[in-house]
1. Do you know which residues across segment 121-149 are over 30 Å from residue 87 (Cβ atoms) and without any contact (Cβ under 8 Å) to a residue 40 or more places away in the chain?
2. Against the condition surrounded by fewer than 16 Cβ atoms within 10 Å (Cβ to Cβ), modelled with pLDDT of 95 or more and farther than 26 Å from residue 40 by Cα, how does residue 190 come out, does it pass?
3. Would you confirm, using the coordinates I've provided, whether residue 155 is open to solvent by 10 Å² or more (accessible area, probe 1.4 Å), at pLDDT below 95 and within 25 Å of residue 215 (Cα to Cα)?
4. Give segment 72-82 a look and list any residue that's surrounded by fewer than 24 Cβ atoms within 10 Å (Cβ to Cβ) and more than 18 Å from residue 177 (Cβ to Cβ), or say none.
5. Take segment 150-201 and flag every residue that is in contact (Cβ under 8 Å) with a residue 60 or more places away in the chain and part of a loop (DSSP other than H, G, I, E, B).
6. For segment 10-61, give me the residue count where each residue is crowded, with 21+ Cβ neighbours inside 10 Å, of a type in the set (Phe, Trp, Tyr) and not in a helix (DSSP H, G or I).
7. Could you look through segment 133-152, keep only residues that are under 22 Å from residue 201 (Cβ atoms) and out of contact with any strand residue (DSSP E or B) (no Cβ under 6 Å at 6 or more places or on another chain), and pick out the one that is modelled with the lowest pLDDT?
8. Residues to consider are 114, 118; find the one that is within 18 Å of residue 45 (Cα to Cα) and either aliphatic (A, V, I, L, M) or modelled with pLDDT under 95 (or both).
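The values are calculated or read from the model by the stated rules, or taken from the named source; none is laboratory data. Just so you know, these numbers come straight off a predicted model, no measurement behind them. Cβ sites come from the backbone with ideal geometry, for glycine too, and all protein chains shown count toward neighbours. Note: areas computed on protein heavy atoms with side chains; ligands, DNA, RNA excluded. Shrake-Rupley method; radii C 1.70, N 1.55, O 1.52, S 1.80 Å.
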Amino acid sequence: MFERNREQEKEKMTDSYCVIADIAGEYKTFLALLNKMPKGYTLSLGDVNDRGSQSKEVIEWFMKAEKDGTGESLLGNHETFIWDAYESSPYNYGSGVWQMNGGDATLKSFGGIVPKEVVGWIKTLKTEKIIKIEDKTYLISHTFKVKWDHEEPLEPIDIVWNRRPPESYDEYDVQIAGHNSNFGLREWKFKNGKTALCIDTSASRKLTGIHLPSMKIYQQEYL
């Protein structure tokens, strides 16, 4: 408990964040992008695995960073593929769906089986993170937060798969999300003065990060 509290205190003191979009197994590209960015707490928007050949290395990097208190990953839809493939989950994808979405590359990187400790780590990942630096509040998530317009409660799968564009919230000055490669690098400005950014540029084979609080964008072509 003491160690966990100490990590939380370290995180509260952080005033520099490197927020990075869907890494998708591109470990070398991820490291090259980090080398371009200022020093800071590294925060992945999720989808660290699948498609690229080095999902194992990316996952292990973030598992270590979390232990060290230097970074973490949020939960993306591709992490939930692993969870559902190995244990009962809220997602219920069905047989073969993970492999159809790049899961074979992840399995190969792990030698055919994802370790139990990795599955356990995925189950602990948060879907969003709120960061306060100086006078601004940032909402960081894999997908943009959903304003649900149905009577039924929001399901876990809706949170990690939302494809809607962002909507304004008075309580967040800036929203940052990935997941939507169809948006690419795009900014929305709202009438209330708030903004939102999508930084998923995987469709153009680029990895994008944004530094907080400078809001400077960094990019690295796939290696």
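1. Those that are over 30 Å from residue 87 (Cβ atoms) and without any contact (Cβ under 8 Å) to a residue 40 or more places away in the chain: 132, 135, 137, 147, 149.
2. Numbers: surrounded by fewer than 16 Cβ atoms within 10 Å (Cβ to Cβ): yes; modelled with pLDDT of 95 or more: yes; farther than 26 Å from residue 40 by Cα: yes.
When the stated conditions are applied, residue 190 passes them.
3. Working: open to solvent by 10 Å² or more (accessible area, probe 1.4 Å): yes; at pLDDT below 95: yes; within 25 Å of residue 215 (Cα to Cα): no.
Here the answer is no, as residue 155 does not meet what is asked.
4. Passing the criteria: none in range.
5. 155, 178, 179, 181, 200, 201
6. The number of residues fulfilling the criteria is 1.
7. If we filter segment 133-152 for residues that are under 22 Å from residue 201 (Cβ atoms), which is where we start, we get 138-145.
Checking the rest, the ones that are also out of contact with any strand residue (DSSP E or B) (no Cβ under 6 Å at 6 or more places or on another chain) come to 142, 145.
Numbers: 142: 98, 145: 95.
Only one residue tops the list, namely 145.
8. Details: 114 fails: within 18 Å of residue 45 (Cα to Cα).
It is 118.
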